[in-house]
Amino acid sequence: MSFGERIAIKSRREIERMRDVGRFTAEILLELRERAQPGVTTGELDQIARKALEKRGLNSPFLGYGPGGVRPYPAVLCTSINEVIVHGIPGPRELREGDIVSLDFGVESGGWHGDSAVTIPVGPVAAEAMRLIETTRNALELGIAQMIPGNRLSDIGFAVQTRAENEGYGVVRQFVGHGIGRQMHEAPQVPNYGRPGRGPRLKAGMVFAIEPMVNVGSERAKVLEDEWTAVTVDGSLSAHFEHTVLITDDGPEILTRI
Ligand code: MF3
Ligand code: CO
């Protein structure tokens, strides 16, 4: 990841491309959430995602992704169930009623990227699980609401952290949001925590993927032997939401919402 570099300002023409790829990302993610029912395997969801990409002539930035010598990611989708925070690898596991599952999906087209995630309940779930999902979704919205020219980068994370911690939840530190555009991961890193009023000033034309990961218990995470699956250390439930968002002079524009 090139997180230390300057933050790209996208041109009008580049923004048009990012709107297109963002819309494709949102469309396919919507199809996936409709298919995420009890009895479906996470591997089947990955297959559905592959077909949806193929049908539209789009590429996956997830498949084969492997920074710093990590095992190349083997799927186009991340499926993170219950205590899995992020980067759950699709496989033979069936979704069961009462699970919560994060579906994290990205698209590359013509050299531009979109990245988005949702956490959804599978059938009826426990009240605590719904409260976690709603809190994490709202924390993302409050973080996005800070994406106004003149604000500072850390205003985003401060808003996310405040919302989650007011509910007694832990905000994951080990994984962060990121700039996005020509690459899936660009400068800057966007933590989901921090003190307000720090870091670079936000400008129109910047595009960030904001992705809070919130745990019912401790914020601590560990990565399993498969080199990808990140789980809560205490086994508590975790939720994850993500949008690709453009900063405009009129405020944030969510590129992965349809
Ligand atoms: N939204 C995740 C991220 O930005 C998805 C990438 S995981 C991958 O880090 F390895 F599959 F690419
Ligand atoms: Co991302």
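I need the shape label for segment 139-236. Rule: rounded when a/c is under 1.5, else prolate if a/b > b/c, else oblate, with a, b, c from the alpha carbon gyration tensor.
On the way: a/c = 2.73, a/b = 1.41, b/c = 1.94.
In terms of gyration-tensor shape, oblate.
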message: Using the crude model of +1 on Lys and Arg Cβ and -1 on Asp and Glu Cβ, and no other charge, please compute the dipole size for the chain relative to its Cα centre, in debye to 20.
response: 780 debye
task: Please work out, to two decimal places, the log10 of the ratio I(q)/I(0) at q = 0.09 Å⁻¹ from a Debye calculation in which every Cα of segment 12-254 carries one identical scatterer.
output: -0.35
- line: Relative contact order of segment 12-254 (C-alpha contacts under 8 Å, at least 6 apart) in percent is 21 percent
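If I stretch the segment between residue 44 and residue 257 completely, what's the gain in nm (0.36 nm per residue apart, minus their alpha carbon distance), one decimal? Provide the component values of the computation, followed by the final result.
Details: separation 213, 0.36 × 213 = 76.68 nm, distance 2.39 nm.
Length gained, residue 44 through residue 257: 74.3 nm.
Of the peptides 193-201, 70-78, how do they stack up when ordered by the mean number of other Cβ atoms within 10 Å, highest first? Show your work: numbers first, answer last.
On the way: 193-201: 15.0, 70-78: 19.3.
Taking the mean over residues of other Cβ atoms within 10 Å, the ranking is 70-78, 193-201.
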query: Mind ordering 8-19, 181-192, 111-122 by average Cβ neighbours within 10 Å, highest first?
result: 111-122, 181-192, 8-19
message: Take residue 35 and residue 65, extend 7 Å from each Cα along the Cα→Cβ direction, and tell me the distance between the two endpoints in nm.
response: 1.9 nm
Centroid-to-centroid separation of segment 113-128 and segment 162-197 [C-alpha atoms, Å]: 18 Å
- line: Under the 7 Å Cα-to-Cβ spin-label approximation, residue 137 and residue 167 lie apart by a distance in nanometres of 1.0 nm
field: Label point 7 Å beyond Cα of residue 227 along Cβ direction - residues of segment 61-76 with amide nitrogen under 12 Å
entry: 64-74
- prompt: Hey, can you rank 123-130, 170-177 by average C-beta count inside 10 Å, highest first?
  reply: 170-177, 123-130
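For the chain, what does the helix formula give at 222 nm: sum of -39500 (n - 2.57) over DSSP H segments with n ≥ 4, over the residue count, nearest 500 deg cm²/dmol?
Values: 4 runs with 71 residues, N = 258.
So the helix-based figure for the chain works out to -9500 deg cm²/dmol.
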query: What percentage of the solvent-accessible surface of the chain, computed with a 1.4 Å probe over protein heavy atoms, is contributed by carbon and sulfur atoms?
result: 48 percent
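The values are calculated or read from the model by the stated rules, or taken from the named source; none is laboratory data. Computed from a predicted model, the values in this text were never measured in an experiment. All Cβ positions, even for glycine, are placed from backbone atoms using ideal geometry, and neighbour counts span all protein chains on display. Heads up: the accessible areas ignore ligands, DNA and RNA and are worked out on the full protein's heavy atoms, side chains in. Shrake-Rupley method; radii C 1.70, N 1.55, O 1.52, S 1.80 Å.
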